[in-house]
């Protein structure tokens, strides 16, 4: 059986449309990064941060005073003592409150540690 | 190639391109997901030789003696037996450094209490406004002077209470006390509007007829999970 030319055209038409669609999505390089977008935050309040210590190392971090607006957000915690950096993550309970994040590897307690928190979402 | 084969090839290509264009569009979409970053500097009195923390208590009953090398520090109220705790955290040892433009969201003192009084006592936290050293401070030369109940409680940065009675804010010995918030002071230190001479902790009502003593672990005990701490949570961009 020989496929009619109309069938071939029916196939090519979406192809052209797809190309046009893609073309409409192109961005000029100059327009990217030329603007600033406000990134919303689930809280601007102070969060309690406690390193839970076993012996001489921090094994987890408890973050408290999380408002309900942060419920469901993904919380990533990274502890860095300038020698070792270790991370962990957990989900903030629906009603907020506190959450304990277990670190991938224990971090020795020193005179100064940096603890970074990143809440993504909800 | 047969016409049938050509037709299938074209159809496959068209579908493929449609899927690709869809994926491209999806890749360009931006979500409105919230991002909330915080940075925290935790200064701890460990090891015992660290210069990040300076702590010493002064004793009215031994007014000319220095107790900067003791493994414990007391806050006490008693007849001529009052004791005060001085401590300072060196913010310049935060790494990375806290920019002067940073906004301090929360700063808390964490003191490990090992002995609590039988009565619930209020502890006042005052920002110290003159220099002192761990090796030389005594009751007689302390920055706030020797008059008890001075400075006035109303000028305290914050207060918390501690003691074994039910209902007291901190009633469990061998744990860190809670409720010692010094956010405003740390904000002033970071912004450069106040000099960091640390804090003094005293009983809210000194001169009690019954001696009331709280004992805190000093950095000299060299125990990481009891070391005095200052926890500063901040954001670089408000």
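Brief remarks follow.
- Candidates are the residues of segment B:195-208 that are under 25 Å from residue B:51 (Cβ atoms) and more than 13 Å from the chain's Cα centre (by Cα); the one that is surrounded by the fewest Cβ atoms within 10 Å (Cβ to Cβ) is B:195.
- Any hit, segment A:84-106, residues being farther than 17 Å from residue A:47 by Cα, away from chain B (no Cβ under 12 Å) and crowded, with 19+ Cβ neighbours inside 10 Å: yes
- Subset of segment B:203-238 [within 9 Å of chain A (Cβ to nearest Cβ), in a loop (DSSP other than H, G, I, E, B) and under 18 Å from residue B:181 (Cα atoms)]: B:227
- Going through (1) within 25 Å of the chain's Cα centre (by Cα); (2) more than 8 Å from every other protein chain (Cβ to nearest Cβ) one by one, residue B:37 falls short only on (2).
- Scanning segment B:111-124 turns up one or more residues that are touching a strand residue (DSSP E or B) at 6+ places or on another chain (Cβ under 6 Å) and more than 20 Å from residue B:172 (Cβ to Cβ).
- Scan of segment B:193-227 for residues that are in contact with a helix residue (DSSP H, G or I) (Cβ under 6 Å, 6 or more places away or on another chain) and closer than 26 Å to residue B:154 by Cβ, ordered by number: B:194, B:196, B:204
- Tabulated pairs, segment A:75-99, first within 18 Å of residue B:43 (Cβ to Cβ), second in a loop (DSSP other than H, G, I, E, B), C-beta under 8 angstrom, 6+ apart or interchain: A:81/A:109; A:81/A:110; A:82/A:110; A:82/B:95; A:83/A:110
- Residue count, segment A:57-83 (criterion: loosely packed, with under 15 Cβ neighbours inside 10 Å and within 9 Å of another protein chain (Cβ to nearest Cβ)): 1
- Members of segment A:107-122 that are assigned to a strand (DSSP E or B), within 23 Å of residue A:55 (Cα to Cα) and facing another protein chain (nearest Cβ under 10 Å): A:108, A:112, A:113, A:114, A:115, A:116
Here's the yes/no breakdown for (1) more than 30 Å from residue A:45 (Cα to Cα); (2) over 22 Å from the mean Cα position of the chain (by Cα); (3) touching a residue at least 24 places away in the same chain (Cβ under 8 Å):
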{"position": "B:55", "(1), (2), (3)": "no, no, yes"}
{"position": "B:89", "(1), (2), (3)": "no, no, yes"}
{"position": "B:97", "(1), (2), (3)": "no, no, no"}
{"position": "B:117", "(1), (2), (3)": "yes, yes, yes"}
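- Filtering segment B:46-89 to residues that are assigned to a loop (DSSP other than H, G, I, E, B), buried (at least 20 other Cβ atoms within 10 Å of the Cβ) and within 8 Å of another protein chain (Cβ to nearest Cβ) leaves B:46, B:52.
Each value in this text was obtained by applying a stated rule to the coordinates, not by laboratory testing. Source: prediction; values computed, not measured. Cβ coordinates were reconstructed from backbone atoms using ideal geometry, including for glycine residues, and neighbour counts include every protein chain displayed.
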